[in-house]
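Structure first, commentary second.
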Amino acid sequence: MYEQIARNKRDSVILVAIIIAVLLTLGFAIGVAYFRTYTAGIGLLGVFGIVAIVWSLIGYYGGAGIVLAASRAQRVTREQVPVLWDVVEEMAIAAGIPMPAVYVINDAAPNAFATGRDPKHASVAVTAGLLQMMSRDELQGVIAHEMSHVRNFDIRFATLVGVLVGMVALIADFFLRSTLFGGFGRRSNNDSGGGAQAIFFLIAIVLAILAPLFVWMVQLAISRHREYLADASGVELTRNPLGLAHALQKIAGDPRSLQVATRATAHLYIANPLKDRKNKQSAGLFDTHPPIQKRIDILLAMAHAGPDSGTSHIAPGDAQTATQAPSGDAPAPRG
């Protein structure tokens, strides 16, 4: 498990470095294409670097509030959701981090996510459907997974990567629009070295087309790696891999999509919240999560259990819930 954690952390740092390299390369190519001097390319590279830092700081301090508002999450107290509050408190103690703020999303689809810039400013949000469907052990497994995202600073990492990906997309879109409609790249007081400049102009166009797609794929790859890491770290907190395995089985068995989720926030959730994306048997380049069955199989292996043990402990009263969606909407938190 610890080897997997170390490898995921190393790979994630490499992937973020790749995004930054793509951003700076795009800036240099656009600078040369527009001003037709290498000095201008280096200057624009520096400008992009500064803008990336400023933009990252804005996302760092304000990103969590935006995500929670977009998800229509409501902050709750211990009196409103005592079981959830107790489980979050237990897992925070086990992880050695401060108690995060607790939110509930009034949606019947079972899911959860964590957000924030660091463990001192973290929030955990779960859906009303998750609270209705999970046993205490299963809820503990889900919260341990999310608490691992907090403890491992995945929440900060996801915010930083999301900001950089968004910046690459905006810059690329601006350059392409300016090229098509604004005569971008034709300004020059010195046309010497036109062949080399034309090559850089073509490189800039190709980068502007491919860079957003490439960095988006990198973001999704990071997200998939982090889910495996959070599963392993969550088991370390609960010492009960079957709790999370059973929770993932119930989530996978529920056919509903999360109404408040979008492609921009899907990677934050414990399972893909979008329609028909939850139970894919293999992960594609544009998937935010690894296959849920593969995650379950790894958890069962941690428990030295066979594939038939996935539902062995579910009580008779919970058996129907594990395979069928509960009727009606999940109740909103009291208060």
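A short reminder: the numbers here are calculations on the coordinates, not readings from a lab. Quantities reported herein were computed from a predicted structural model and do not represent experimental measurements. Glycine gets a Cβ as well: all are built from the backbone with ideal geometry, and neighbour counts include every protein chain shown.
Table for the structure above
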quantity: Computed label-point distance, nm, for sites ALA40 and SER178 using a 7 Å Cα→Cβ extension; calculated: 1.0
quantity: VAL54/LYS120 FRET efficiency (R0 22 Å; Cβ-Cβ; nearest 0.05); calculated: 0.45
quantity: Cα→Cβ-extended label distance, 7 Å offset, between GLN80 and ASP137, nm; calculated: 3.0
quantity: Euclidean distance of C-alpha centroids, segment 12-44 and segment 100-151, integer Å; calculated: 39
quantity: Peptides ranked, highest mean first, by Cβ atoms within 10 Å: ranges 220-231, 76-87, 134-145, 290-301; calculated: 134-145, 220-231, 290-301, 76-87
quantity: Computed label-point distance, nm, for sites ALA264 and ALA169 using a 7 Å Cα→Cβ extension; calculated: 0.8
quantity: R0 of 22 Å, Cβ-Cβ distance ILE209-ILE20: FRET efficiency to nearest 0.05; calculated: 0.65
quantity: FRET efficiency for HIS304 and GLU90, using Cβ-Cβ distance with R0 set to 22 Å, rounded to 0.05; calculated: 0.35
quantity: Counting DSSP beta bridges with both ends in segment 98-153, the antiparallel % (nearest 5); calculated: 50
